[in-house]
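Reviewing the structure listed below.
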Amino acid sequence: MNQLFTPVRVGRYTLQNRLAMAPMTRSRAEFDGTPGALAGEYYAQRADVGLIVTEGTQPSDDGQGYLTTPGIYTDAHVAGWREVISAVHAKGGRVFIQLMHAGRMSHPDNTPHHRQGVAPSAIAPGAPMFTVKGMQDIPVPRALTTDEVRQTIADFRHAARRAIEAGADGVEIHGANAYLVHQFFAPSANVRTDAYGGSIENRARFAIEVATAIADEIGADRTAIRLSPGMTLWGIDEGAEGPDLYRYLVAELDKLGLAYLHIAHQGNEALLADIRKHWKQTLILNRAGRPREQIGADVTSGLADLEAYGQLILANPDFVARLKANAPMNQADRTTFFGGTARGYVDYPALSEAVMA
Ligand SMILES: Cc1cc2nc3c(=O)[nH]c(=O)nc-3n(C[C@H](O)[C@H](O)[C@H](O)COP(=O)(O)O)c2cc1C
């Protein structure tokens, strides 16, 4: 496990250890997308991990899917994120903002403009979503025109610029978990007949163009991407060609010299080994529900350069200290994952408090 606590190069930075906080939506932002008042405290409490990847953050009005998620495209968003990021920097941490365009995983009741969601094709995900009026079915989205696809890439570029203005150390493109970038990969969500649909090359094009645009805007060494090969939630079916799409995509992305690739692993070990081969730069691996005794194994084996954990870090602000001390971990309270205020957000006890209590 000791290798976890050695420094690692990520893009232009040297991080203090090989642990990353996985991105986690907490739905505690203001209605206009400004990070909530407690976000700085929440992230700063967790600044001992080498890298914090923030909750998914929309690059535009169209990019919002869930209720009260933060944005990074207006002056108010930038001012809010600046406070959050300086709180983390003051504690020696590093922050990449996750740029998340929800695509069809969106409900008009949740967005500032209340418009129909946008997606590669007009195909509903077949899933319900929590909205301001309770659970509702997600409606059929509107297919983006080719010009609008290009505008969406420009929105990502603009959001990356604004993230840097807010002091972020970089951005992670959310290419995983059934949101817009992932929707382009999957034939079940993308039946386009232009340059962004059809062949593997065409379905991978949107992700590559977003990454290229952002790398051009803020530097490849501050640009990263998250992928979840084989993920099947919310109507996503990558089809038999899925693994080949990822082999092609990762090899193309590798040419850009990005800061890191973040894999939200879904279980295909052979594909993961191939991805490691195709990816010459830093790789962050997140395995859902990793048992305690396995923490550090992927860094030790060389499969990953960093390991990312979500719920363990959500529930343990002093995750690194607990790991080092081999101390017990707090359990995450699922009922306070999304929305609400301080409870389940900034009040998880650190080890010293837990022992004293
Ligand atoms: C409350 C919550 C919110 C999440 N939000 C995001 C998100 O915004 N972006 C993302 O890429 N993954 C998101 N995830 C997935 C996590 O990043 C991670 O992949 C998942 O929790 C499995 O890792 P874990 O077992 O270490 O928590 C979320 C997970 C949780 C529990």
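The values are calculated or read from the model by the stated rules, or taken from the named source; none is laboratory data. Given the structure is predicted, the values throughout are model-derived calculations rather than measurements. All Cβ positions, glycine included, derive from the backbone under ideal geometry; neighbour counts span all protein chains shown. Calculation scope for accessible area: heavy atoms of the full protein, side chains included, ligands and nucleic acids excluded. Shrake-Rupley method; radii C 1.70, N 1.55, O 1.52, S 1.80 Å.
Charges at C-beta only: +1 for Lys and Arg, -1 for Asp and Glu. How large is the resulting dipole of the chain about its Cα centre, in Debye rounded to 20?
So the dipole magnitude of the chain works out to roughly 540 debye.
Just the number, please: carbon plus sulfur as a percent of the accessible area of segment 152-290, 1.4 Å probe, no ligands or DNA/RNA counted.
51 percent
When the accessible area of segment 297-357 is computed with all protein chains present and a 1.4 Å probe, what percentage of it is carbon and sulfur?
57 percent
Find which of Gly11, Leu249, Tyr196 sits farthest along the positive direction of the dipole of the chain, computed with +1 on the beta-carbon of Lys and Arg, -1 on that of Asp and Glu, about the Cα centre.
Gly11
Averaging over all projection directions, find the projected area of the Cα convex hull of the chain and quote it in nm² with one decimal place.
Averaged projected area of the chain's Cα convex hull equals 15.9 nm².
Could you tell me what percent of the DSSP beta bridges with both partners in the chain are antiparallel, to the nearest 5?
Here the share of antiparallel DSSP bridges comes out near 20 percent.
Between Thr6 and Ala154, how many nm apart are label points set 7 Å from Cα along the C-beta direction?
About 4.7 nm separates the two model spin labels.
Counting only helical runs of four or more DSSP H residues, what would the 222 nm mean residue ellipticity of the chain come to if each run contributes -39,500 (n - 2.57) and the total is spread over all its residues?
The per-residue figure over the chain is -9500 deg cm²/dmol.
Over the chain, give the accessible area per residue in Å² for a 1.4 Å probe, as an integer.
The answer is 38 Å² per residue.
How far apart, in nm, are two points set 7 Å out from the Cα along the Cα-to-Cβ line at Asp147 and at Asp244?
Taking the two extended label points, one gets 3.5 nm.
Looking at the chain, which longest stretch skips every one of the trypsin sites (Lys or Arg not before Pro) that is in a DSSP loop with at most 14 other Cβ atoms within 10 Å, leaving the sites themselves out?
Of all site-free stretches, the longest is 134-254.
Quickly work out the Lys280-to-Asn326 label distance, labels modelled 7 Å from Cα along the C-beta direction, and quote it in nm with one decimal.
Going from the Asn326 label point to the Lys280 one covers 4.1 nm.
Given a Förster distance of 35 Å, report the FRET efficiency between Thr232 and Ser352 from their Cβ-Cβ distance, rounded to the nearest 0.05.
0.25
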